[in-house]
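The values are calculated or read from the model by the stated rules, or taken from the named source; none is laboratory data. Every value quoted in this text rests on a predicted model; they were computed, and no experiment measured them. No Cβ is skipped: glycine too gets one built from the backbone with ideal geometry, and neighbour counts run over all protein chains shown.
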Amino acid sequence: MTQSRTVLGPDEIARALTRIAHEILEANQGPQDLVLLGIPTRGVHLAERLAGRLSDITGEDFTARTGALDITMHRDDLRASPTRAPQPTRIPADGVDDKVVVLVDDVLYSGRTIRAALDALSDLGRPRAVRLAVLVDRGHRELPIRADSVGKNLPSARSEHVSILLDEVDGQDAVVIEGGAA
Amino acid sequence: MKHLLTAAMQRDEAIALLDLAEDMHQIQDRDVKKLPALRGRTVVNLFFEDSTRTRSSFEIAGKWLSADVINVSGKGSSASKGESLRDTGLTIAAMGVDGVVVRSGSSGAPALLADWVGRPVVNAGDGTHEHPTQALLDAFALRRRIHGADASRGKALDGVRVAIVGDIAHSRVARSNALLLPALGAEVTLVGPPSLLPQPAADGTRLGLRAETSLDTVIAEQPDALMLLRVQLERQAGKVAPSPAEYITGWSLTDERLARLPKAQIMHPGPMNRGLELSSRAADSDASTVLEQVTAGVSVRMAVLYSLLASDQGGSR
């Protein structure tokens, strides 16, 4: 029987993002050289939200240090799926060379998206370091990849479907699990 | 989309392809001009006619998408030994290539090839018929000029008035643009010597569009863009065509005519005959999109190759 349950609501998502913003600053020992790159679609909105929090905390404007990194052309399943339309990549004007790039995505699952993002990033320059921040880590990694900051660890079955809803795209903030054994 | 044989396409399909080309265009700003999307794919450029920019543009597009690109030209191939188009196509297909880009002097050759080889075929210009990637790159370059480079995505060419000037009857560039630009909402007028305009239909339109013989009349209407076609000396043998002097008097974008067009974009598919289709001042003016069209050509052809070859399951659109 298909079930649907909300595991994170708007307040929990907001708190998780605030904590991630602090973790990013702590790990970097300050705001210097930080660049946030969201992975379309929802990662971009999460990166923008994190940029807002980082601006509030540090007093520096993170808008110009936030961008989007499309990974479509670097996917390893292009052949097996219908033609995918890429989305725009926006890189901050100062580029990524010698920066600390924080990749931001909504869900960490197989790790293949992040593998593609690392490849895409290496075509754009050579960051000093690359970090990963995700709202939800649902496990089932297929590659040796881990996140530096996680909003919520969400053990899930492969048969379950994890949906991240964001106000900018979906009109509400929620993390929902559907399907699988209850 | 399984092949790209014609520029006749739906408005949504054209906009999606131009938007994809915008994504590809971003590679121009990068140090590493390489995307892995077509890694392991092989594309053959089968060119039975001379071409520098189209062939090299397709070659660069394929290589930037990490495909292996092989150029086969008509001269020096077995076609010059009398092999038929069908046998040449089947031979190349039998080598396991994934896509064929074909340029031919024979109108309709790419469509025949598409039926025979069973893999995606791109028409890179066939006789006096069509040159769809040229029309797409023209639309791409014009859209960027009209809306701005950063604001073109998702937009069409609604109400943009374009005059296509020259040997319309023998121009595959004109024919493809006459299909694509109106689909994007542009108002196209064909301008040329009476002997070089296509035959009129019963309602007086030519290729379904308004036609004029006087360039000066059209200039007085202040079009948004003037697309000058190359005077194709190689296609006019024995044809009733004006002499170069007559052509310049009536249909060349001279310095004097340029002065009457303060706001129009000046487009030319190249190669240009300076002094014949347009003056050097027109070709080098800020209004000229000629080099932007060449750059656009790579991005548009990347978008076409990606659409046709990236997925084994065919296009989603």
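Summed over segment B:1-48, residues that are of a type in the set (Lys, Arg), modelled with pLDDT of 95 or more and farther than 25 Å from A:ALA80 by Cβ total 1. Taking only pairs six or more apart or across chains, which ones have beta-carbon atoms under 8 Å, a first residue in segment A:111-128 that is hydrophobic (A, V, I, L, M, F, W, C), and a second residue that is assigned to a helix (DSSP H, G or I)? From residues that are hydrophobic (A, V, I, L, M, F, W, C), the pairs are A:ALA116/A:HIS74; A:ALA117/A:HIS74; A:ALA120/A:MET73; A:ALA120/A:HIS74. Condition test on A:ILE24, is it within 14 Å of chain B (Cβ to nearest Cβ) and under 23 Å from A:ASP137 (Cα atoms)? It is false that A:ILE24 is within 14 Å of chain B (Cβ to nearest Cβ) and under 23 Å from A:ASP137 (Cα atoms).
When you look at B:LEU261, is it crowded, with 18+ Cβ neighbours inside 10 Å, in contact (Cβ under 8 Å) with a residue 24 or more places away in the chain and within 23 Å of the chain's Cα centre (by Cα), yes or no? Judged against the criteria, B:LEU261 is not a match.
Checking each residue of segment B:39-55 against the condition of being without any contact (Cβ under 8 Å) to a residue 40 or more places away in the chain and either of a type in the set (A, V, I, L, M, F, W, C) or within 14 Å of chain A (Cβ to nearest Cβ) (or both) gives at least one match. Annotation: A:SER110 fulfils all but one of (1) at pLDDT below 95; (2) touching a His at 6+ places or on another chain (Cβ under 8 Å); the unmet one is (1).
Being touching a residue at least 40 places away in the same chain (Cβ under 8 Å) and surrounded by fewer than 20 Cβ atoms within 10 Å (Cβ to Cβ) is true for just one of A:VAL100, A:VAL96, A:VAL175. Which residue is that? Result: A:VAL100 is the single residue among A:VAL100, A:VAL96, A:VAL175 that is touching a residue at least 40 places away in the same chain (Cβ under 8 Å) and surrounded by fewer than 20 Cβ atoms within 10 Å (Cβ to Cβ).
For segment A:21-41, filtering for residues that are closer than 20 Å to A:GLN172 by Cβ and of a type outside the set (Ser, Thr, Tyr) leaves 2. If you go through segment B:19-38 and keep only what is of a type outside the set (A, V, I, L, M), at the interface with another protein chain (Cβ under 9 Å from one of its Cβ atoms) and within 23 Å of the chain's Cα centre (by Cα), you end up with B:ASP19, B:GLU22, B:ASP23, B:GLN26. What's the total number of residues in segment B:125-167 that are part of a loop (DSSP other than H, G, I, E, B) and surrounded by 24 or more Cβ atoms within 10 Å (Cβ to Cβ)? Total satisfying the criteria: 4.
Taking the criterion of being touching a residue at least 40 places away in the same chain (Cβ under 8 Å) and either of a type in the set (Phe, Trp, Tyr) or within 11 Å of chain B (Cβ to nearest Cβ) (or both), the residues of segment A:60-87 that qualify are A:ASP70, A:ILE71, A:MET73, A:HIS74, A:ARG75, A:ASP76, A:GLN87. Restricting A:THR18, A:THR41, A:THR89, A:THR83 to those that are closer than 26 Å to A:SER156 by Cα and modelled with pLDDT under 95 reduces the list to A:THR41. Exactly one residue out of B:VAL72, B:VAL122, B:VAL162, B:VAL117 is closer than 18 Å to B:TYR306 by Cα and either modelled with pLDDT under 95 or under 17 Å from the mean Cα position of the chain (by Cα) (or both): that is B:VAL122.
Residues in segment A:125-136 include at least one that is within 14 Å of another protein chain (Cβ to nearest Cβ) and out of contact with any strand residue (DSSP E or B) (no Cβ under 6 Å at 6 or more places or on another chain).
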